[in-house]
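Encoded as structure tokens, the structure appears first; notes follow it.
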């Protein structure tokens, strides 16, 4: 079976991730700005909803130490294998993976015991009306990790435990998560926005 028709795989070396690493635009990218990476500033980051690990890999490629938390046993296993394959490539890939620490568990439970400057939360997004356009890969991730019904609870825990900022990655046109205070500012791209909550 061809790879693109087979089971989901975490691949940090080839395809979109490898291309983004080489040509992505460095710290000028929206996610880097949202997370507070700028000249002379590289916060320690926790990716509380690791998923395929792509955002964590990008942030680590820009010099950040990133702790990834994934509660799905299957997704955690895919991440572990993907990180091992990238580390085995050596060179820059090994250096990037060395800045990534993978934990398995519920971020709501783990965050209070971690020293987090900046926390990234990228829950499974609400199903789009034009769901036929959702990529196969994203559908596979949703089948594994579910729908993240507790996103608001996770955001609340993150806001209590980050020392500098919490960033919610969310569809650009989606409604804010209810019961959460207004964000400090937003960085809005074509399809994705970053709601940035600065910690006073």
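The values are calculated or read from the model by the stated rules, or taken from the named source; none is laboratory data. This is a predicted model, so every value here is computed, not measured. We place every Cβ from the backbone using ideal geometry, glycine too, and count neighbours over all the protein chains shown.
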> If we scan region 162-169, do we find a residue that is modelled with pLDDT of 85 or more, farther than 17 Å from residue 36 by Cβ and in contact with a strand residue (DSSP E or B) (Cβ under 8 Å, 6 or more places away or on another chain)?
Replying inline: no
> Looking at 133, 138, which is the one that is surrounded by fewer than 14 Cβ atoms within 10 Å (Cβ to Cβ) and at pLDDT below 95?
Replying inline: 133
>> Suppose the filter is in contact with a helix residue (DSSP H, G or I) (Cβ under 8 Å, 6 or more places away or on another chain) and buried (at least 24 other Cβ atoms within 10 Å of the Cβ); does residue 69 pass it?
In response: yes
> Name the residues in region 99-130 that are within 18 Å of residue 192 (Cα to Cα) and at pLDDT below 95, would you?
Replying inline: 122, 123, 124, 125, 126, 127, 128, 129, 130
>> Condition check: on the phi > 0 side of the Ramachandran plot and surrounded by 22 or more Cβ atoms within 10 Å (Cβ to Cβ). Does residue 15 satisfy that?
In response: no
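Residue-by-condition table, conditions (1) touching a residue at least 40 places away in the same chain (Cβ under 8 Å); (2) part of a loop (DSSP other than H, G, I, E, B):
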{"position": "149", "(1), (2)": "no, yes"}
{"position": "158", "(1), (2)": "yes, no"}
{"position": "167", "(1), (2)": "yes, no"}
{"position": "170", "(1), (2)": "yes, no"}
{"position": "175", "(1), (2)": "no, yes"}
{"position": "178", "(1), (2)": "no, yes"}
{"position": "186", "(1), (2)": "no, no"}
{"position": "193", "(1), (2)": "no, no"}
> Going through region 177-194 one residue at a time, which ones are surrounded by 14 or more Cβ atoms within 10 Å (Cβ to Cβ) and farther than 23 Å from residue 37 by Cβ?
Replying inline: 177, 180
>> If I ask for residues that are at pLDDT below 95 and either touching a helix residue (DSSP H, G or I) at 6+ places or on another chain (Cβ under 7 Å) or closer than 11 Å to residue 121 by Cα (or both), which ones from region 33-42 would you list?
In response: 38
